[in-house]
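S.K.: Have a look at this one.
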Amino acid sequence: MAKKPTRSQTTISEEEYSEHESSRTHEQIRRAHEDRSRERRKLTKKPERQTNARSLSPTPLLEGEENVGRIIATEGAFFVLRLEDGSEVRAKTYKGTRTGNPNATLVAVGDEVRVTINEPGHSMIEEVVTRRTKLSRHAAGRRDAFEQVVVANVDVLVIVASVGEPKLRSGIIDRYVVAGLEGGLEVVIAINKIDLASPEEMDEALYYRDLYREIGHTVVLVSAEEGTGMAPLKEAIEGKTSVFAGHSGVGKSSLVNAVIGREVARAGILQKKFRRGAHTTASSTLIEVDGMPGTFIADTPGVREFSNYELDSHNLKFAFHEFLRFANQCAITNCSHIHEPGCAVREAVEDDKIAIERYASYEKLFEEAKRSEVKRLEKK
Ligand SMILES: Nc1nc2c(ncn2[C@@H]2O[C@H](COP(=O)(O)OP(=O)(O)OP(=O)(O)O)[C@@H](O)[C@H]2O)c(=O)[nH]1
Ligand SMILES: [Mg+2]
Ligand SMILES: [Zn+2]
């Protein structure tokens with residue numbers, strides 16, 4: 001084993017993702033459209049809340065008509081949608097926008113929506129379809145259970161980490177692994193900036209590569225700078241929609257560019273003059289990978305810490321796949337692997353059969369889950 005891990009994880013102070021629900025300030029435009037939409041809804045009598053992706057059917061692109069599309073980016077108060085015919089429009093939400101995803105971000109990149117196409121600047125999002133999968137986080141600065149959706153309806157979460165600067169930290173990787181599995185995503189870990197690695201950092205990268213591979217996740221060592229490791233990364237995301245997420249400055253945008261082979265995502269260098277190199281990407285965007293049919297990548301803004309959404313202390317252990325093999329030998333059924341006597345998982349940690357840093361992540365997330373459960377109970 002190459003090295004031991006940092007046990008200390010910092011507290012959950014996070015960078016804000018930009019919230020895109022500011023369209024409600026545009027009162028006048030909104031009211032005009034609200035009236036029209038209300039009329040239309042009366043005629044069509046659609047269900048108010050729950051919707052289903054399968055119910056979407058193609059319609060020709062006509063002004064004033066409803067169409068279906070996918071959110072690919074945000075531009076101020078507008079969302080950029082790609083329609084079924086491949087064209088792009090900008091649209092807004094309004095008070096009457098319906099959603100199949102209560103108590104969560106109203107519109108996220110990757111969402112499938114019904115939209116009314118009007119003259120430029122006045123197209124309206126009528127309905128956001130229930131999300132198939134998602135990468136969610138706890139909304140920074142909010143005490144309630146609001147779910148902040150980073151990106152919706154993607155297949156693969158590519159957790160990007162780096163050696164050098166920022167340092168590789170397994171704590172944040174584990175948070176993302178849990179969030180990815182919770183959201184129904186396949187997990188891939190990309191350790192970037194391999195070109196910068198000192199011999200010790202390379203050992204560390206290899207240690208984590210082997211660790212996460214043993215658990216069953218795909219791990220690639222890459223350098224966006226030198227283009228190394230691109231083949232296995234491409235293989236892992238080919239024909240799928242993936243989201244690149246991770247700590248700020250690890251090279252998510254650079255990797256997206258390296259995969260695509262041209263500058264599509266804005267990477268650090270451009271803004272270095274203005275900011276200290278970090279937090280370059282301000283909002284998520286969904287980019288089509290040319291030359292790889294059916295392949296899309298969502299680049300997301302980096303975070304300093306990632307705070308998981310609504311962890312459940314009973315289910316958390318299932319996201320730690322390497323525990324399962326030992327869990328049925330625990331003395332107590334439904335063992336939480338935290339305090340129970342005769343716990344085979346804790347024994348496996350002591351025997352070095354489960355990595356201590358993974359168990360440390362579990363303990364930390366378990367405590368967090370317990371804390372938020374207590375808070376939820378107090379509210380009731
Ligand atoms: N040496 C080296 N530098 C890299 C590599 N990948 C990215 N960088 C540099 O790391 C810095 C950050 O890269 P970005 O691609 O902007 O990182 P990001 O994760 O998108 O950052 P945010 O959008 O702020 O979260 C830039 O200065 C890049 O040039 C790499 O493989 N090797
Ligand atoms: Mg970026
Ligand atoms: Zn146990």
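S.K.: What's the center-to-center distance, using Cα atoms, between segment 335-357 and segment 195-257 in Å?
M.R.: Computed from Cα coordinates, the inter-centre distance equals 29 Å.
S.K.: With 10 angstrom as the radius, rank H138, H247 by how many other C-beta atoms surround their C-beta, starting from the fewest.
M.R.: Arranged by neighbour count, lowest to highest, H138, H247 become H138, H247.
S.K.: Give me E147, E263 ranked fewest to most by other Cβ atoms within 10 Å of their Cβ, as a rough exposure proxy.
M.R.: Fewest to most other Cβ atoms nearby, the residues stand as E263, E147.
S.K.: If you don't mind, there's one more thing I want to ask. Can you sort D290, D203, D174 by how many other beta carbons sit within 10 Å, fewest first? Before the final figure, lay out the partial values.
M.R.: On the way: D290 11, D203 14, D174 24.
The order, fewest Cβ neighbours first, is D290, D203, D174.
S.K.: Tell me which residues come under 5 Å, amide H to amide H, from E186 once H is placed; ignore anything under 5 positions away on its chain.
M.R.: For E186, whose amide H was placed from the backbone, the distant partners under 5 Å are V156, L157.
S.K.: Across segment 294-311, in residue order, what do the Karplus-derived ³J(HN,Hα) couplings come to in whole Hz, using 6.51 cos²θ - 1.76 cosθ + 1.60 with θ = phi - 60° and x for Gly and Pro?
M.R.: x, 9, 10, 10, 9, 8, 10, x, x, 10, 8, 9, 10, 9, 5, 8, 6, 5
S.K.: Does segment 316-379 come out rounded, prolate or oblate, given a ≥ b ≥ c as the square roots of the eigenvalues of its C-alpha gyration tensor, rounded meaning a/c under 1.5 and, failing that, prolate meaning a/b above b/c?
M.R.: Prolate is the answer for segment 316-379, as a/c is 1.5 or above and a/b outweighs b/c.
S.K.: List the residues, sorted by chain then number, that are 5 or more residues from G251 or on another chain and whose placed amide H is less than 5 Å from its amide H.
M.R.: none
S.K.: Give the long-range amide H neighbours of E127: residues separated by 5 or more places, or on another chain, with amide H under 5 Å away, using H modelled in the peptide plane at 1.01 Å from N.
M.R.: R98, R114
S.K.: Pop out the ³J(HN,Hα) list for segment 103-111 in order, Karplus 6.51 cos²θ - 1.76 cosθ + 1.60 with θ = phi - 60°, rounded to Hz; leave Gly and Pro as x.
M.R.: 3J(HN,Hα) across segment 103-111, in whole Hz: 6, 9, 3, 5, 9, 10, 4, x, 5.
S.K.: Then there's this: State the extension gain, in nm to one decimal, for the chain segment bounded by M202 and L324, taking 0.36 nm per residue of separation less the distance between their alpha-carbons.
M.R.: 41.0 nm is the gain from fully extending M202 to L324.
S.K.: Could you calculate the contour length gain from N315 to R142, that is, 0.36 nm times the residue separation minus the distance between their Cα atoms, to one decimal place in nm?
M.R.: 59.9 nm
S.K.: While we're on this one: Place a point 7 Å from Cα of K364 in the direction of its Cβ. Which residues in segment 157-178 have their backbone N less than 11 Å from it?
M.R.: Only 169-176 pass the distance filter.
S.K.: Using every Cα-Cα pair within segment 234-357, state what percent have a distance larger than 24 Å.
M.R.: Tail fraction, whole percent: 52.
S.K.: Continuing with the same structure: As an exercise, use a Förster radius of 25 Å and the Cβ-Cβ distance of E288 and E226 to find the FRET efficiency, rounded to the nearest 0.05. Could the numbers behind the result be given before it?
M.R.: Numbers: r = 25 Å, r/R0 = 0.99.
So, using R0 = 25 Å, E works out to roughly 0.50.
Where a number appears in this text, it was derived from the coordinates with a stated rule and is not lab data. Everything numeric here is computed off the predicted structure, so don't read it as measured data. With ideal geometry, Cβ positions are generated from the backbone for all residues, glycine too; neighbour counts draw on all protein chains shown.
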